[in-house]
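S.K.: This is the structure I have questions about; it appears just below.
The values are calculated or read from the model by the stated rules, or taken from the named source; none is laboratory data. The model shown is predicted, which means the values in this text are computed figures rather than measured ones. Here Cβ is always computed from backbone atoms with ideal geometry, including for glycine, and neighbour counts include all displayed protein chains. These area figures cover heavy atoms from the full protein model, side chains too; ligands, DNA and RNA do not enter into them. Shrake-Rupley method; radii C 1.70, N 1.55, O 1.52, S 1.80 Å.
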Amino acid sequence: MGVTIADVASRAGVSKTTVSRVLNGKGEINENTVLKVRKAISELGYVPSAGAVGLARGTTQMIGMLVPDLAWAWSGIVQAVVETLEAEGFGLRMLTWNRGEESLRRLGLQVAAKSFDGLLVIEPEGAMGYITELHEAGLPVVLIDDRFQRPGFPYVATTNREGGEQAARHLLDVGRRRPLVVTGPDAFGCTRERLGGFVDVFAEAGIEIDQHRIICGDFQFERCRSAIAGALADGLEFDSVFAHNDPSAAGVLTALHEAGLWVPQDVAVVGFDDVEMASYTYPALTTIRQPMREMGAAAARLLLDHVRGSPEAAPSCVIPTSLVIRGSTLQPGSN
(Lines give C-alpha, C1' and ligand atoms only; values in the text may rest on other atoms or scores of the structure.)
Protein backbone atom coordinates (compact mmCIF):
# COMPACT_ATOMS: atom_id res chain seq x y z
CA MET A 1 0.00 0.00 0.00
CA GLY A 2 1.06 3.59 -0.56
CA VAL A 3 1.68 6.20 2.07
CA THR A 4 -1.54 7.21 3.80
CA ILE A 5 -2.70 10.22 5.77
CA ALA A 6 -2.41 8.05 8.88
CA ASP A 7 1.28 7.48 8.13
CA VAL A 8 1.80 11.23 7.88
CA ALA A 9 -0.05 11.79 11.16
CA SER A 10 2.05 9.16 12.91
CA ARG A 11 5.34 10.57 11.59
CA ALA A 12 4.37 14.13 12.58
CA GLY A 13 2.91 13.09 15.97
CA VAL A 14 -0.47 14.65 15.30
CA SER A 15 -3.99 13.48 14.53
CA LYS A 16 -5.29 12.67 11.06
CA THR A 17 -7.71 15.57 11.48
CA THR A 18 -4.78 17.97 11.97
CA VAL A 19 -3.06 16.63 8.85
CA SER A 20 -6.31 17.09 6.92
CA ARG A 21 -6.63 20.66 8.17
CA VAL A 22 -3.08 21.43 7.02
CA LEU A 23 -3.78 19.92 3.61
CA ASN A 24 -7.02 21.86 3.31
CA GLY A 25 -5.49 25.12 4.55
CA LYS A 26 -8.37 25.51 7.00
CA GLY A 27 -8.48 26.49 10.64
CA GLU A 28 -5.98 28.11 12.96
CA ILE A 29 -3.00 25.77 13.29
CA ASN A 30 0.24 26.39 15.14
CA GLU A 31 3.04 27.15 12.67
CA ASN A 32 5.31 24.52 14.28
CA THR A 33 2.59 21.93 13.76
CA VAL A 34 2.21 22.95 10.12
CA LEU A 35 5.97 22.61 9.61
CA LYS A 36 6.00 19.15 11.26
CA VAL A 37 3.20 17.96 9.01
CA ARG A 38 4.85 19.32 5.87
CA LYS A 39 8.17 17.77 6.88
CA ALA A 40 6.47 14.40 7.32
CA ILE A 41 4.79 14.77 3.92
CA SER A 42 8.15 15.46 2.31
CA GLU A 43 10.02 12.65 4.09
CA LEU A 44 7.36 10.06 3.31
CA GLY A 45 6.72 11.25 -0.23
CA TYR A 46 3.00 11.51 0.46
CA VAL A 47 0.87 12.75 -2.44
CA PRO A 48 -2.54 13.93 -1.23
CA SER A 49 -5.52 12.62 -3.16
CA ALA A 50 -8.70 14.49 -3.79
CA GLY A 51 -10.30 12.47 -1.01
CA ALA A 52 -7.53 13.31 1.42
CA VAL A 53 -7.85 17.03 0.95
CA GLY A 54 -11.65 16.93 1.00
CA LEU A 55 -14.00 17.37 -1.92
CA ALA A 56 -15.56 20.39 -0.26
CA ARG A 57 -12.25 22.16 0.03
CA GLY A 58 -12.78 24.48 -2.94
CA THR A 59 -9.78 26.75 -3.47
CA THR A 60 -7.28 28.33 -1.12
CA GLN A 61 -7.72 31.72 -2.80
CA MET A 62 -3.92 31.87 -2.73
CA ILE A 63 -1.42 32.00 -5.59
CA GLY A 64 2.22 31.01 -5.16
CA MET A 65 5.00 32.99 -6.83
CA LEU A 66 8.53 31.65 -7.24
CA VAL A 67 11.24 34.28 -7.86
CA PRO A 68 15.06 34.01 -7.93
CA ASP A 69 15.35 36.39 -4.95
CA LEU A 70 13.67 39.47 -3.56
CA ALA A 71 15.86 41.95 -5.45
CA TRP A 72 14.41 45.20 -6.76
CA ALA A 73 14.54 43.90 -10.35
CA TRP A 74 11.21 42.08 -9.92
CA SER A 75 9.37 44.81 -8.01
CA GLY A 76 7.32 46.06 -10.97
CA ILE A 77 6.16 42.56 -11.87
CA VAL A 78 5.36 41.60 -8.27
CA GLN A 79 3.43 44.80 -7.55
CA ALA A 80 1.26 44.30 -10.62
CA VAL A 81 0.67 40.66 -9.64
CA VAL A 82 -0.40 41.67 -6.13
CA GLU A 83 -2.78 44.36 -7.38
CA THR A 84 -4.37 42.02 -9.93
CA LEU A 85 -4.80 39.15 -7.46
CA GLU A 86 -6.18 41.36 -4.69
CA ALA A 87 -8.78 42.75 -7.08
CA GLU A 88 -9.94 39.15 -7.63
CA GLY A 89 -9.95 38.24 -3.93
CA PHE A 90 -6.72 36.21 -4.03
CA GLY A 91 -3.63 36.45 -1.87
CA LEU A 92 0.01 35.88 -2.79
CA ARG A 93 2.51 33.48 -1.19
CA MET A 94 6.11 34.40 -2.13
CA LEU A 95 8.77 31.72 -2.57
CA THR A 96 12.41 32.34 -3.48
CA TRP A 97 14.87 30.24 -5.44
CA ASN A 98 18.05 31.44 -3.72
CA ARG A 99 18.87 28.20 -1.87
CA GLY A 100 18.86 25.76 -4.76
CA GLU A 101 17.79 22.26 -3.67
CA GLU A 102 16.58 23.52 -0.29
CA SER A 103 14.28 25.96 -2.08
CA LEU A 104 13.07 23.10 -4.29
CA ARG A 105 12.28 21.00 -1.23
CA ARG A 106 10.32 23.85 0.34
CA LEU A 107 8.39 24.36 -2.88
CA GLY A 108 7.58 20.65 -2.90
CA LEU A 109 6.21 20.91 0.64
CA GLN A 110 3.97 23.80 -0.33
CA VAL A 111 2.67 21.98 -3.39
CA ALA A 112 2.12 18.71 -1.49
CA ALA A 113 0.17 20.57 1.17
CA LYS A 114 -1.85 22.34 -1.54
CA SER A 115 -0.98 25.72 -0.07
CA PHE A 116 -1.96 27.54 -3.25
CA ASP A 117 -4.13 27.06 -6.31
CA GLY A 118 -1.57 27.95 -8.96
CA LEU A 119 2.04 29.05 -9.38
CA LEU A 120 3.67 32.04 -11.07
CA VAL A 121 7.36 31.58 -11.87
CA ILE A 122 10.19 33.95 -12.78
CA GLU A 123 13.47 32.63 -14.21
CA PRO A 124 13.69 29.16 -12.63
CA GLU A 125 17.36 28.46 -13.43
CA GLY A 126 17.92 24.74 -12.89
CA ALA A 127 14.28 24.11 -12.00
CA MET A 128 12.46 24.07 -15.33
CA GLY A 129 12.20 20.28 -15.33
CA TYR A 130 10.59 20.22 -11.90
CA ILE A 131 8.24 23.10 -12.71
CA THR A 132 7.16 21.23 -15.84
CA GLU A 133 6.48 18.11 -13.75
CA LEU A 134 4.27 20.14 -11.41
CA HIS A 135 2.28 21.44 -14.37
CA GLU A 136 1.94 17.97 -15.89
CA ALA A 137 0.69 16.70 -12.51
CA GLY A 138 -2.14 19.21 -12.64
CA LEU A 139 -0.86 22.37 -10.95
CA PRO A 140 -1.71 25.50 -13.01
CA VAL A 141 1.61 27.24 -13.78
CA VAL A 142 2.49 30.41 -15.70
CA LEU A 143 6.09 31.40 -16.44
CA ILE A 144 6.99 35.10 -16.57
CA ASP A 145 9.91 36.46 -18.61
CA ASP A 146 11.13 33.21 -20.17
CA ARG A 147 14.93 33.34 -20.42
CA PHE A 148 15.50 29.85 -21.73
CA GLN A 149 13.08 28.32 -24.20
CA ARG A 150 9.33 28.40 -24.52
CA PRO A 151 8.01 25.92 -21.94
CA GLY A 152 5.29 23.33 -22.41
CA PHE A 153 2.91 25.39 -20.30
CA PRO A 154 1.53 28.96 -20.39
CA TYR A 155 3.97 31.85 -20.29
CA VAL A 156 4.03 35.64 -20.53
CA ALA A 157 7.03 37.02 -22.41
CA THR A 158 8.15 40.10 -24.26
CA THR A 159 9.59 40.68 -27.72
CA ASN A 160 13.29 40.44 -26.95
CA ARG A 161 14.40 40.06 -30.56
CA GLU A 162 12.32 43.03 -31.66
CA GLY A 163 13.80 45.00 -28.75
CA GLY A 164 17.29 44.32 -30.08
CA GLU A 165 16.14 45.46 -33.50
CA GLN A 166 14.69 48.67 -32.03
CA ALA A 167 17.99 49.46 -30.31
CA ALA A 168 19.94 48.91 -33.53
CA ARG A 169 17.64 51.04 -35.68
CA HIS A 170 17.81 53.89 -33.19
CA LEU A 171 21.61 53.86 -33.10
CA LEU A 172 21.72 53.80 -36.89
CA ASP A 173 19.22 56.68 -36.99
CA VAL A 174 21.52 58.83 -34.81
CA GLY A 175 24.50 58.03 -37.04
CA ARG A 176 26.30 55.35 -35.04
CA ARG A 177 28.13 52.73 -37.10
CA ARG A 178 30.65 51.12 -34.71
CA PRO A 179 28.73 49.58 -31.83
CA LEU A 180 29.77 47.33 -28.97
CA VAL A 181 27.29 44.92 -27.45
CA VAL A 182 27.44 43.93 -23.78
CA THR A 183 25.27 40.84 -23.57
CA GLY A 184 23.58 38.97 -20.75
CA PRO A 185 24.52 35.40 -19.78
CA ASP A 186 24.87 33.11 -22.81
CA ALA A 187 22.46 30.53 -21.37
CA PHE A 188 19.52 32.93 -21.39
CA GLY A 189 17.21 32.91 -24.38
CA CYS A 190 16.65 36.65 -24.08
CA THR A 191 20.41 37.21 -24.56
CA ARG A 192 20.41 35.32 -27.83
CA GLU A 193 17.24 37.02 -29.03
CA ARG A 194 18.38 40.57 -28.19
CA LEU A 195 21.77 39.99 -29.77
CA GLY A 196 20.31 38.35 -32.88
CA GLY A 197 17.90 41.18 -33.55
CA PHE A 198 20.59 43.82 -33.06
CA VAL A 199 23.19 42.11 -35.26
CA ASP A 200 20.72 41.41 -38.06
CA VAL A 201 19.60 45.05 -38.35
CA PHE A 202 23.20 46.22 -38.62
CA ALA A 203 23.86 43.50 -41.19
CA GLU A 204 20.94 44.78 -43.25
CA ALA A 205 22.65 48.19 -43.19
CA GLY A 206 25.85 46.61 -44.52
CA ILE A 207 27.66 46.67 -41.17
CA GLU A 208 29.03 43.44 -39.74
CA ILE A 209 29.46 43.30 -35.97
CA ASP A 210 32.57 41.21 -35.41
CA GLN A 211 32.81 38.82 -32.48
CA HIS A 212 35.39 41.00 -30.74
CA ARG A 213 32.71 43.71 -30.52
CA ILE A 214 30.42 41.40 -28.53
CA ILE A 215 31.30 41.28 -24.83
CA CYS A 216 29.73 38.60 -22.64
CA GLY A 217 28.24 40.18 -19.54
CA ASP A 218 26.23 38.97 -16.59
CA PHE A 219 23.58 41.69 -16.23
CA GLN A 220 25.64 43.20 -13.39
CA PHE A 221 26.94 46.78 -13.03
CA GLU A 222 30.53 46.03 -12.03
CA ARG A 223 31.19 43.32 -14.62
CA CYS A 224 30.07 45.65 -17.42
CA ARG A 225 31.98 48.61 -16.04
CA SER A 226 35.16 46.50 -16.05
CA ALA A 227 34.42 45.13 -19.52
CA ILE A 228 34.16 48.61 -21.06
CA ALA A 229 37.27 49.77 -19.22
CA GLY A 230 39.09 46.76 -20.67
CA ALA A 231 37.86 47.47 -24.20
CA LEU A 232 39.09 51.05 -23.94
CA ALA A 233 42.46 49.92 -22.56
CA ASP A 234 42.80 47.54 -25.52
CA GLY A 235 42.31 50.43 -27.93
CA LEU A 236 39.00 49.17 -29.32
CA GLU A 237 37.23 52.02 -31.10
CA PHE A 238 33.46 52.31 -30.83
CA ASP A 239 30.85 55.05 -31.01
CA SER A 240 27.97 53.30 -29.23
CA VAL A 241 27.12 50.51 -26.79
CA PHE A 242 24.02 48.34 -26.56
CA ALA A 243 23.84 46.82 -23.05
CA HIS A 244 21.38 43.99 -22.48
CA ASN A 245 19.92 45.44 -19.30
CA ASP A 246 19.89 48.77 -17.48
CA PRO A 247 22.32 47.91 -14.64
CA SER A 248 24.80 46.85 -17.34
CA ALA A 249 24.21 50.13 -19.17
CA ALA A 250 24.80 52.05 -15.92
CA GLY A 251 28.14 50.26 -15.63
CA VAL A 252 28.94 51.30 -19.19
CA LEU A 253 28.12 54.95 -18.44
CA THR A 254 30.37 54.91 -15.38
CA ALA A 255 33.31 53.41 -17.30
CA LEU A 256 32.95 55.99 -20.06
CA HIS A 257 32.83 58.88 -17.56
CA GLU A 258 35.91 57.52 -15.79
CA ALA A 259 37.74 57.42 -19.13
CA GLY A 260 36.88 61.08 -19.81
CA LEU A 261 34.47 60.33 -22.64
CA TRP A 262 31.24 62.25 -23.15
CA VAL A 263 27.86 60.57 -23.53
CA PRO A 264 26.36 60.81 -26.10
CA GLN A 265 28.83 63.06 -27.93
CA ASP A 266 31.60 60.45 -27.97
CA VAL A 267 29.64 57.28 -27.28
CA ALA A 268 25.88 56.69 -27.32
CA VAL A 269 24.46 54.12 -24.89
CA VAL A 270 21.27 52.06 -25.02
CA GLY A 271 20.05 49.77 -22.24
CA PHE A 272 17.18 47.32 -21.90
CA ASP A 273 14.27 47.03 -19.39
CA ASP A 274 13.51 50.66 -18.46
CA VAL A 275 13.71 50.08 -14.72
CA GLU A 276 13.32 53.12 -12.48
CA MET A 277 17.06 53.80 -12.30
CA ALA A 278 17.19 54.35 -16.08
CA SER A 279 15.79 57.87 -15.73
CA TYR A 280 18.16 58.71 -12.85
CA THR A 281 21.52 58.04 -14.55
CA TYR A 282 23.58 60.86 -16.05
CA PRO A 283 22.70 61.36 -18.74
CA ALA A 284 19.31 59.68 -18.46
CA LEU A 285 19.38 56.33 -20.21
CA THR A 286 17.85 55.58 -23.58
CA THR A 287 16.53 52.05 -23.22
CA ILE A 288 14.21 49.38 -24.56
CA ARG A 289 11.20 49.21 -22.28
CA GLN A 290 10.33 45.72 -21.15
CA PRO A 291 6.71 46.03 -19.97
CA MET A 292 7.23 44.64 -16.45
CA ARG A 293 3.95 45.76 -14.89
CA GLU A 294 1.93 44.71 -17.92
CA MET A 295 3.63 41.30 -17.87
CA GLY A 296 2.90 40.82 -14.16
CA ALA A 297 -0.76 41.76 -14.54
CA ALA A 298 -1.18 39.61 -17.65
CA ALA A 299 0.47 36.61 -15.97
CA ALA A 300 -1.79 36.89 -12.92
CA ARG A 301 -4.92 37.12 -15.08
CA LEU A 302 -3.76 34.22 -17.25
CA LEU A 303 -3.08 32.02 -14.23
CA LEU A 304 -6.45 32.83 -12.63
CA ASP A 305 -8.18 31.87 -15.89
CA HIS A 306 -6.43 28.48 -15.79
CA VAL A 307 -7.11 28.02 -12.06
CA ARG A 308 -10.80 28.63 -12.70
CA GLY A 309 -10.81 26.38 -15.74
CA SER A 310 -12.04 29.12 -18.01
CA PRO A 311 -12.67 27.84 -21.54
CA GLU A 312 -11.40 31.21 -22.80
CA ALA A 313 -8.02 30.93 -21.02
CA ALA A 314 -5.24 31.84 -23.45
CA PRO A 315 -2.30 29.45 -23.81
CA SER A 316 0.31 32.24 -23.55
CA CYS A 317 0.83 35.98 -24.01
CA VAL A 318 3.59 38.10 -25.59
CA ILE A 319 3.69 41.84 -24.83
CA PRO A 320 5.82 44.06 -27.10
CA THR A 321 8.82 46.16 -26.11
CA SER A 322 9.13 49.85 -26.95
CA LEU A 323 11.97 52.33 -27.39
CA VAL A 324 12.34 55.06 -24.75
CA ILE A 325 14.67 57.84 -25.95
CA ARG A 326 16.60 59.87 -23.38
CA GLY A 327 19.85 61.79 -23.16
CA SER A 328 22.32 58.91 -23.51
CA THR A 329 21.75 58.83 -27.28
CA LEU A 330 20.47 62.30 -28.17
CA GLN A 331 22.16 65.58 -27.36
CA PRO A 332 20.01 68.48 -26.11
CA GLY A 333 18.27 70.13 -29.05
CA SER A 334 18.55 67.05 -31.30
CA ASN A 335 15.48 65.78 -33.10
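S.K.: Of the conditions (1) within 18 Å of L195 (Cβ to Cβ); (2) in contact with a helix residue (DSSP H, G or I) (Cβ under 7 Å, 6 or more places away or on another chain), A231 clears all except one; give me its number.
M.R.: (2)
S.K.: Every residue in region 172-195 that is more than 17 Å from the chain's Cα centre (by Cα) and open to solvent by 20 Å² or more (accessible area, probe 1.4 Å), please.
M.R.: L172, D173, V174, G175, R176, R177, R178, L195
S.K.: Select the helices (runs of 4 or more DSSP H) contained entirely in region 101-185, then report the ones holding at least 2 residues which are closer than 18 Å to D246 by Cα.
M.R.: 160-173
S.K.: So, one more: E312 - would you say it is acidic (D, E) and part of a loop (DSSP other than H, G, I, E, B)?
M.R.: yes
S.K.: Also, I was wondering about something else. Give region 268-298 a look and list any residue that's outside any helix (DSSP H, G or I), at negative phi and open to solvent by 10 Å² or more (accessible area, probe 1.4 Å), or say none.
M.R.: Listed by number, the residues that qualify are V275, Y280, T281, Y282, P283, A284, R289.
S.K.: Another one. If you go through region 201-208 one residue at a time, do you hit one that is more than 17 Å from the chain's Cα centre (by Cα), surrounded by 16 or more Cβ atoms within 10 Å (Cβ to Cβ), among the β-branched types (V, I, T) and not in a strand (DSSP E or B)?
M.R.: Within region 201-208 (the criterion being more than 17 Å from the chain's Cα centre (by Cα), surrounded by 16 or more Cβ atoms within 10 Å (Cβ to Cβ), among the β-branched types (V, I, T) and not in a strand (DSSP E or B)), the answer is yes, since at least one residue qualifies.
S.K.: So, one more: Would you call K26 charged (D, E, K, R), at pLDDT below 90, under 34 Å from the mean Cα position of the chain (by Cα) and assigned to a loop (DSSP other than H, G, I, E, B)?
M.R.: Yes, satisfied.
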